[in-house]
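Report on the following structure.
The values are calculated or read from the model by the stated rules, or taken from the named source; none is laboratory data. Quick caveat: nothing in here was measured; it's all calculated off a predicted structure. Reconstructed Cβ throughout: ideal geometry from the backbone, glycine too, with neighbour counts over all protein chains shown. Note: accessible area is taken over every heavy atom of the protein model, side chains too, but ligands, DNA and RNA are not part of it. Shrake-Rupley method; radii C 1.70, N 1.55, O 1.52, S 1.80 Å.
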Amino acid sequence: MTGSIRILPPAERHRADWERLYAGYAAFYRATQTPEMRARVWSWLQDPAHEVEGLVAETPEGRAVGLAHYRPFARPLAATTGGFLDDLFVDPEFRGRRVADALIGAVAGIGRERGWSVIRWITADDNYRGRAVYDRLATRTMWITYDLRLP
């Protein structure tokens, strides 16, 4: 299936599909997300000066069926720059067709071009389907993450 899917930066023609996908991503993680929040993220993706970049997986008909958001991050201990994959989501109708593989592969390709040393991401412990893909493509680390919420 991925042979007919194109991976490219999100364009204005993808906005409605991207909104639907990003809302689905937020719902999957039970995260509160408003239209204003989505508009802010979309503006980041359209701003070449912003650190957050994105990709969409597009069908031959022009429909966006997956998204990935990523950004560089400094790795002081390694004295390198890595890439952080913040968000990855595939339309449930297109799961099992290696769309996630194609999106991750595209981010990895960008990372190679930019000289990044790693692509890193986190996922929920109970994201079993996603983890099956990630376990096939990458190495699970021993790190545990923490959040210190700031007012």
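Residue count for the stretch 13-55 satisfying the condition of being over 14 Å from D87 (Cβ atoms), part of a helix (DSSP H, G or I) and either under 14 Å from the mean Cα position of the chain (by Cα) or hydrophobic (A, V, I, L, M, F, W, C) (or both): 2. Cβ-Cβ distances below 7 Å connect the following pairs, each with a first residue in the stretch 74-90 that is in contact (Cβ under 8 Å) with a residue 40 or more places away in the chain and more than 21 Å from W18 (Cα to Cα), a second residue that is part of a strand (DSSP E or B) and open to solvent by less than 50 Å² (accessible area, probe 1.4 Å), and a separation of six or more residues or different chains: R75/G82. Within the stretch 99-125, residues that are among the hydroxyl-bearing types (S, T, Y) reach partners that are part of a helix (DSSP H, G or I) with beta carbons closer than 8 Å, at six or more positions or on different chains, in the pairs T123/G130; T123/R131; T123/Y134. The set of residues in the stretch 99-120 being among the hydrophobic types (A, V, I, L, M, F, W, C) and out of contact with any Phe, Trp or Tyr (no Cβ under 7 Å at 6 or more places or on another chain) consists of V99, A100, A102, L103, I104, A106, A108, I110, W116, V118, I119.
Considering only residues in the stretch 26-43 that are hydrophobic (A, V, I, L, M, F, W, C) and crowded, with 16+ Cβ neighbours inside 10 Å, the one that is nearest to D126 (Cα to Cα) turns out to be A26. Apart from one condition, A124 fits all of (1) more than 11 Å from G82 (Cα to Cα); (2) not in a loop (DSSP other than H, G, I, E, B); the exception is (2).
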